[in-house]
Amino acid sequence: MGKHMEVVIAPKGDLAVLAADVIEAQLRRRPGTVLGLATGSSPLGVYRELIRRHREEGLSFSRARGFLLDEYVGLPDDHPQRYRNVIAEEFTAQVDWPDSQVTGPDGLATDLPAACASYERAIEAAGGVDIQLLGIGSDGHIAFNEPGSSLVSRTRIKSLTRQTREDNARFFDDDIDQVPVHCLTQGLGTIGEARHLILLASGAEKAEAVHQLVEGPVSARWPATVMQLHPHVTVLVDEAAAARLELRDYYREIYESKPDWQGL
Ligand code: F6R
């Protein structure tokens, strides 16, 4: 579906509904859809809306497959911040999605490179990701591909930046020392193989990263910029996150005059 990077600027609640609409349409078309799931705050509104549609409108995930973007290394199985637990708590356990059909990289494996390679194989065996939800770090990371990540990287171990660990300390009693230093993450090359990328960002602290993502030069300095090379990207941002976009009026005009049949 050769499209461009589409930017939609709207209130946060509306953005969640738009993303949920894309996912619902895809699930109704193909119940065995493969969804790429992000953790963190950005997709929470989408998950809440999908849970509501499951409860009130019978939207089913019973045949869907889910792959997480990333996982902390070394957090115990039952740790509430282990992403595999976070996604169950916030989303998948609240709908009819069998636990065995949602997986993430194994941050507890004794052989981490082997766990990364087997994760890549699992995604491939499932036929690849149809829709990948993404957030963006204030330093421009997607998944945990921090600045300097190879633009063609695959699932591997990474060290988190101090900025990311500070940003995430809110989930660890505001104590940066409790935030793991290492993670396993899908690479930028891995993410780029998903057929539709939907990135959500809100708040002023994301404004610079969003500006770079959409308008900066493609560079490992701002890893999310690699998305400019992808044929089907939807960037859903609120006013605060859009504040530094130089062409934001143009993006608004394109979206407002877009024919209804086109969809995201
Ligand atoms: C989470 C992930 C990260 C987050 C990013 C933004 O699985 O891959 O890239 O999407 O750190 O986090 P929030 O949404 O909490 O601002």
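Centre-to-centre, using Cα atoms only, the range 152-184 and the range 49-127 are separated by 19 Å.
Counting only residues at least eight positions apart within a chain, or on another chain, the aspartates and glutamates with an alpha carbon under 16 Å from that of LYS12 are ASP21, GLU49, GLU205, ASP238, GLU239. Cβ-Cβ distance of ASP175 and HIS79, R₀ of 22 Å, FRET efficiency by 1/(1 + (r/R0)^6): the value works out to about 0.95. Computed over the Cα atoms of the range 5-257, pair by distinct pair, the Kirkwood hydrodynamic radius stands at 18.2 angstrom. Each Lys or Arg adds one and each Asp or Glu subtracts one; over the other residues with Cβ under 14 Å from the Cβ of GLU146, this totals +1.
In terms of packing, defined here as the mean over residues of other Cβ atoms within 10 angstrom, the peptides 248-258, 42-52, 121-131 line up highest first as 42-52, 121-131, 248-258. For the chain, with all protein chains in place and a probe radius of 1.4 Å, 51% of the accessible heavy-atom surface sits on carbon or sulfur.
This model, with +1 at the C-beta of Lys and Arg and -1 at the C-beta of Asp and Glu, gives the range 5-257 a dipole about its Cα centre of some 660 debye. The antiparallel fraction among DSSP beta bridges confined to the range 5-257 stands at about 30%. This model, with +1 at the C-beta of Lys and Arg and -1 at the C-beta of Asp and Glu, gives the range 131-264 a dipole about its Cα centre of some 600 debye.
Per residue, how much accessible surface does the chain expose to a 1.4 Å probe? Answer in Å², no decimals.
Here the per-residue accessible area is 44 Å².
The values are calculated or read from the model by the stated rules, or taken from the named source; none is laboratory data. Since the structure is predicted, the reported quantities are computational estimates derived from the model, not experimental observations. Backbone-built Cβ (ideal geometry, glycine too); neighbour counts: all protein chains shown. Keep in mind that these areas ignore ligands, DNA and RNA; they rest on the heavy atoms of the full protein, side chains included. Shrake-Rupley method; radii C 1.70, N 1.55, O 1.52, S 1.80 Å.
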